[in-house]
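Coordinate-derived values only; no laboratory data. Quick caveat: nothing in here was measured; it's all calculated off a predicted structure. Every residue, glycine among them, receives a Cβ derived from its backbone with ideal geometry; neighbour counts consider all protein chains shown.
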Amino acid sequence: MENIPFSSVFTGASQPAPEPAAITPIPIPIPPPPSTPPVALSPTNPSITTPSPNIAITVPATSGPVTFQLVVTDNLGNQSAPASITIEIQPAPIAVLSTSTPSVRAGSPIELSAANSAAQAPGTITSYRYTLISTP
């Protein structure tokens, strides 16, 4: 390989260096640590111990107030006083099925209505599933 000498000459006027652009910080939200998979707590399985500060709990299949309690333990084995929270579990909606024509000829249409079905506020009914469960 041949060595080729290189040189350069600057002939322009001296220019001051440009001011650096201002940097604007952008806040980045930090999500909470991931929670554990949903856990079903019940009278036969009333508690769980986890290293995570967040937990997903499947509520009991009931309605009305349920109370949860928390005690935290530090790395020295010291435990906090209990903290508790009461949450109101909304009751299931009530399905009401009716028809204005209880008897029709074979092959004829029949209109079913679930208009009197209701959910307790703040819940709302989002779908209606009709199922044929018996035929002659």
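When Ile26, Ile48 are ordered from fewest to most other Cβ atoms inside 10 Å of their Cβ, what list results?
Ile26, Ile48
Quick one: which residues, 5+ away or cross-chain, put their amide H under 5 Å from the amide H of Val59? H built at 1.01 Å from N.
Amide H neighbours of Val59: none.
Between Arg129 and Ser117, with labels modelled 7 Å along Cα→Cβ, what's the label distance in nm to one decimal, could you check?
Spacing of the two 7 Å Cα→Cβ label points: 1.0 nm.
What distance in nm separates the two pseudo spin-label positions at Asn78 and Ile55, each 7 Å out from Cα along the beta-carbon direction?
A separation of 2.2 nm, rounded to one decimal place.
List the residues, sorted by chain then number, that are 5 or more residues from Ile89 or on another chain and whose placed amide H is less than 5 Å from its amide H.
Correct list: Gly64, Val66.
How many nm separate the modelled label positions at Glu88 and Ile26, each set 7 Å beyond the Cα in the direction of the Cβ?
4.3
Residue by residue through region 71-88, which ³J(HN,Hα) values in whole Hz follow from phi under the Karplus form 6.51 cos²θ - 1.76 cosθ + 1.60 (θ = phi - 60°), with glycine and proline marked x?
My calculation for region 71-88 gives 10, 9, 10, 8, 5, 9, x, 6, 10, 7, 6, x, 10, 9, 9, 10, 10, 8 Hz in order.
Quick one: 3J(HN,Hα) in Hz for region 114-123, Karplus 6.51/-1.76/1.60 with θ = phi - 60°, rounded, Gly and Pro as x.
Whole-Hz 3J(HN,Hα) from phi for region 114-123: 10, 4, 8, 5, 8, 10, 6, 4, x, x.
Using the Karplus equation 6.51 cos²θ - 1.76 cosθ + 1.60 (θ = phi - 60°), what ³J(HN,Hα) coupling, rounded to whole Hz, does each residue of region 124-132 give in order, writing x for Gly and Pro?
9, 6, 10, 7, 10, 10, 9, 10, 7
Could you give the length gained by full extension between Ser108 and Phe68, i.e. 0.36 nm per residue of separation minus their alpha carbon distance, to one decimal place?
My answer for the length gained is 9.0 nm.
Per q in 0.20 Å⁻¹, report the Debye log10 I(q)/I(0) for region 22-136, using one uniform scatterer on each alpha carbon and no solvent.
-1.21
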